[in-house]
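The structure appears below as structure tokens.
The values are calculated or read from the model by the stated rules, or taken from the named source; none is laboratory data. Keep in mind it's a predicted model, so treat the numbers as computed, not measured. Here the Cβ is made from the backbone with ideal geometry for all residues, glycine too, and neighbour counts use every protein chain on show. Calculation scope for accessible area: heavy atoms of the full protein, side chains included, ligands and nucleic acids excluded. Shrake-Rupley method; radii C 1.70, N 1.55, O 1.52, S 1.80 Å.
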Amino acid sequence: MELCSANQDTAVAPGDELDIYTSHYDSATGTFSEPINMGLGVNSAPNKSNPLRNGLDIEPYITPDGQRLYFRSNRLADPAACAGCTTPDWHWNGFASTLLFLSIKGSDGKWGAPAPLPAPINTHTGEHCVMELRDGKTLCFSSMRPGGFGLGDIWCAPIVEHGKEYGTPINAGPNINTEGMEFHFKQHPTDLHVSFTS
């Protein structure tokens, strides 16, 4: 289980926009544990010299095997790459100032340093809501890149090597994508169904 929160009492730094937390489900009691901040490394602190880097770490996805954590962050926001962005408005302008990241769990059980996904995944054209299909061979995400059906579409790319090399992203097509925005793509455990927000 993973979640993000703006709880300033447990943020990694004062003024942090959003952090990623973990909470575990107890099937015996039907309750979740108290959320715990994943700490610096996974989460980033605000950078006072660059207002676009305000500690935004959101949209976490942990693979079913618990070994890879994907999320979106503005920790490397570059004003030159964010044409027209002057504020860290993560909902619209901030799409161009954020990148998709991957952290891999080590043999010691600790999460490794997050690294931005390479092109052709990250393009500074609004990539977000990243996840792997359950076979671990395909990466899917929402993007506002050219060539889609609408404002933002679901795209999927073959994984050549986790975090290092990916094939060309393919649009999920008109049965999934519309003239609006599609995101939060998830594959159900049966492998036969997907759900998404539109």
Summed over the other residues with a beta carbon less than 13 angstrom from that of residue 196, with K and R at +1 and D and E at -1, the charge totals -1
For the stretch 139-198, shape from the Cα gyration tensor axes a ≥ b ≥ c, cut at a/c of 1.5 then a/b versus b/c, turns out oblate
Residues other than residue 173 with Cβ under 12 Å of its Cβ, Lys/Arg counted +1 and Asp/Glu -1, net out at -2
Computed over the chain, protein heavy atoms only, probe 1.4 angstrom, the accessible area per residue in square angstrom equals 50
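Can you give the FRET efficiency for residue 50 and residue 162, using 1/(1 + (r/R0)^6), R0 = 22 Å, r = Cβ-Cβ distance, to the nearest 0.05?
My answer for the efficiency is 0.15.
Which entries in the list 137/186; 137/164; 105/137; 48/105 go over 22 Å, if you measure between the two C-alpha atoms of each?
Where the Cα-Cα span goes over 22 Å, the pairs concerned are 48/105.
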Karplus ³J(HN,Hα) for the stretch 48-54 (6.51 cos²θ - 1.76 cosθ + 1.60, θ = phi - 60°; Hz, whole; x = Gly/Pro) runs 5, 7, 9, x, 6, 9, 10
On the accessible surface of the chain, probed at 1.4 Å with all protein chains in place, carbon and sulfur together account for a percent value of 57
Residue 178 and residue 192 label points (each 7 Å along its Cα→Cβ direction) are spaced in nm at 2.6
In whole angstrom, the spacing between the Cα centers of the stretch 135-197 and the stretch 25-63 equals 23
Contour minus Cα-Cα span, residue 135 to residue 9, at 0.36 nm per residue, comes to 41.6 nm
